[in-house]
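Notes follow once the structure below has been shown.
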Amino acid sequence: MTELISEHDVVAIGCGPFNLGLAALASTVDGVDLVVLEERPELTWHRGMMFGDASMQVNFLADLVTLVAPSHPLSFLAYLHDMDRLYTFTVRENFFPSRREYEDYLRWAAAKLPSVRFSHRVEEVHWDAAAERFTVHAVRGDGTRLRMFARDLVLGIGTAPYVPEALAALPAGKLLHTSDYLYRTADVASAGKVTVVGSGQSGAEVAVDLLGRNLEGGPAVSWLTRTASFAPLDYTKMNLELTTPAYMQYFHSLPQDVRDRLIGEQWQFYKGISTDTLEEVHELLYRRQLEHGLAEVELRFGITVESAAVDSTGRAVLTCRHRDTGQAFEHTTDLVVAATGYRNRPPAFLGPIEDLLLRDGRGRHRVRVDHSVELAQGVTGRVFVANAEIHSHGVSSPNLDIGAVRNATILNAITGRETYRLPKRSAFTTFEPPRQ
C-alpha cells in the first residue's frame, strides 16, 4: 500500500476552534511548517445544540486570532467583511454572534488554510530518539497511509460527551446526551415525559426547548440537578478577572492541592447558566400559568441521581436522593437527557509514547506554563495540549477567549522568540501576595 512520507515542524492533531486558531496564527509566521490533522471530513461545531436562536457567550473579539493579532486576515471582522455583513453586524448592536454564525466563521477560516487536512485519522505516534523527531502514522480518507515526522506535537482533540455511571445502565432509546439533542427530536416529541439531569448552559437550553414544547401541548418536563440552585454564570466584570491570562499564569504557580481546591470553588465560571437563559426559563414558566391542561412540569435542585434502570413497563426509573434531607425517592420518566458535560478523552494513538508523558499523583499530565507536557528525560521534542489543562491552568482554559493567547504562547515556544506579543497586563487585580 502507498505510504506518503513528509517532515514538518509541528503536527497538530484535531481541528476544533483551538487548533484551527493555531493554524491561523501560524499561517502568517515565516519559517513554521505546521499541519493540522482532523479525522472528520469537515468542521462542525456543536451541531446537536445548534438551536436557531442560540448565541455565543463570548463576544466577537474572542475569535481565532484577534486578542493577539487584531489585524490578522482570519479575524471575525475579516470574515464579516468577506461575507458583506460587516455593516449590518454593526447596526445589529449585538456583539455576541449566533452559534450558527460562529461555526460558519470557523468553516470559512478552515477553507482558507491549506495546512488544515480533513479526513486524516491519526493511528499512532512514536518518538524516534535518534532522529529527535516524533513519527505520526495516519491514514487518509482514500486509504493512503501517511508517515509524518515532526519536532513538536499539539494535541487538540477536544473532549467527549460524559455520561455518569449512575445513568450508564439505561439503554440508548431511553437516554441521550445534550450533544445529540437536536439529532433526537423525534424521540423527544414521542415521549410522554422528558427529564433533564444536570444543569449548566446546555441543560438550561434544553429545558427552554422542552418548556416551549410543553406550552404547545408537548411532553411533561422534569429538570433535576445536583447544584444548590439553578445558578447563573458569574460573568460580572471584576470576577472575570479570574479568566484572564494574568490569573492563568498565577494559577499555574500554585501548589496542585490549592489549584484543585480553587477549581471546585470556581464552578460558576463553567457550570452556571447565562442570566438571559434563566430569564427565558422563568418567562416560559410564567406563561404556563395562563394555560390549562398542559402536561406536568417540575424543577428540582439539590438532587443526586444514584442509579437508573428500566421497569417492567419500559419506562426509565431513576433512584434519586434529596441532598439537603438525605431522603431517597424514585423518579419515573420516558426519556432522560444527560446534561452532564464533557470529559477529556485519552487518545489511543498516544499509546506508544504513554510512558514518556509525565503525570501527577492523580494521573493527570504535568503541564508547564507554556502548555507543554513534561516529558521523560532525554526527549527533546515537545507535546503541547489545548483544552486539557484545567488542573494546571484553571477553569478558563476551555474558554474560547483564551484560545488566541494560548496559541500565541505555544507558537512563541515553538519558534523560540516573541512571534506574537502576549498581553503584559490583562487584569486590574494583583493576585500574588505583596513582596516582603
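The values are calculated or read from the model by the stated rules, or taken from the named source; none is laboratory data. Keep in mind the model is a prediction, meaning the values are calculated, not measured. Methodologically, a virtual Cβ is constructed for each residue, glycine included, from the backbone with ideal geometry; neighbour enumeration extends over all protein chains shown. When the accessible area is computed, the model is the full protein with side chains, heavy atoms only, and any ligands, DNA or RNA have been set aside. Shrake-Rupley method; radii C 1.70, N 1.55, O 1.52, S 1.80 Å.
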Single match in Gly264, Gly217, Gly203 (criterion: under 24 Å from the mean Cα position of the chain (by Cα) and surrounded by fewer than 17 Cβ atoms within 10 Å (Cβ to Cβ)): Gly264
Single residue of region 348-361 satisfying the filter (in contact (Cβ under 8 Å) with a residue 24 or more places away in the chain and over 20 Å from Ala138 (Cβ atoms)) that is least open to solvent (accessible area, probe 1.4 Å): Asp360
Qualifying residue in region 275-283 (condition: farther than 30 Å from Asp370 by Cβ, touching a Phe, Trp or Tyr at 6+ places or on another chain (Cβ under 7 Å) and open to solvent by less than 50 Å² (accessible area, probe 1.4 Å)): yes
Subset of region 7-22 [within 18 Å of the chain's Cα centre (by Cα) and closer than 22 Å to Phe349 by Cα]: Ala12, Ile13, Gly14, Cys15, Gly16, Pro17, Phe18, Asn19, Leu20, Leu22
Qualifying residues in region 232-261 (those that are aliphatic (A, V, I, L, M) and under 19 Å from Asn399 (Cα atoms)) - the one most open to solvent (accessible area, probe 1.4 Å): Met238
Qualifying position, being among the hydroxyl-bearing types (Ser, Thr, Tyr), in contact with a strand residue (DSSP E or B) (Cβ under 7 Å, 6 or more places away or on another chain) and open to solvent by less than 40 Å² (accessible area, probe 1.4 Å), among Ser396, Ser392: Ser392
Criterion: open to solvent by 90 Å² or more (accessible area, probe 1.4 Å), within 24 Å of Leu210 (Cα to Cα) and in contact (Cβ under 8 Å) with a residue 24 or more places away in the chain - qualifying residue of Arg300, Arg288: Arg300
Complete set of residues in region 365-385 that are of a type in the set (A, V, I, L, M), open to solvent by 20 Å² or more (accessible area, probe 1.4 Å) and touching a residue at least 40 places away in the same chain (Cβ under 8 Å): Val369, Val379
Residue identified as over 26 Å from Thr28 (Cβ atoms), outside any loop (DSSP other than H, G, I, E, B) and more than 26 Å from the chain's Cα centre (by Cα) among Arg121, Arg147: Arg147
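This table checks each residue for (1) more than 22 Å from Val163 (Cα to Cα); (2) of a type in the set (Phe, Trp, Tyr).
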| residue | (1), (2) |
| --- | --- |
| Tyr181 | no, yes |
| Gly198 | no, no |
| Gly212 | yes, no |
| Ala231 | no, no |
| Met238 | yes, no |
Those residues of region 160-179 which are open to solvent by 50 Å² or more (accessible area, probe 1.4 Å), of a type outside the set (A, V, I, L, M) and either outside any helix (DSSP H, G or I) or within 14 Å of Asp209 (Cα to Cα) (or both), in sequence order: Pro161, Tyr162, Glu165, Pro171
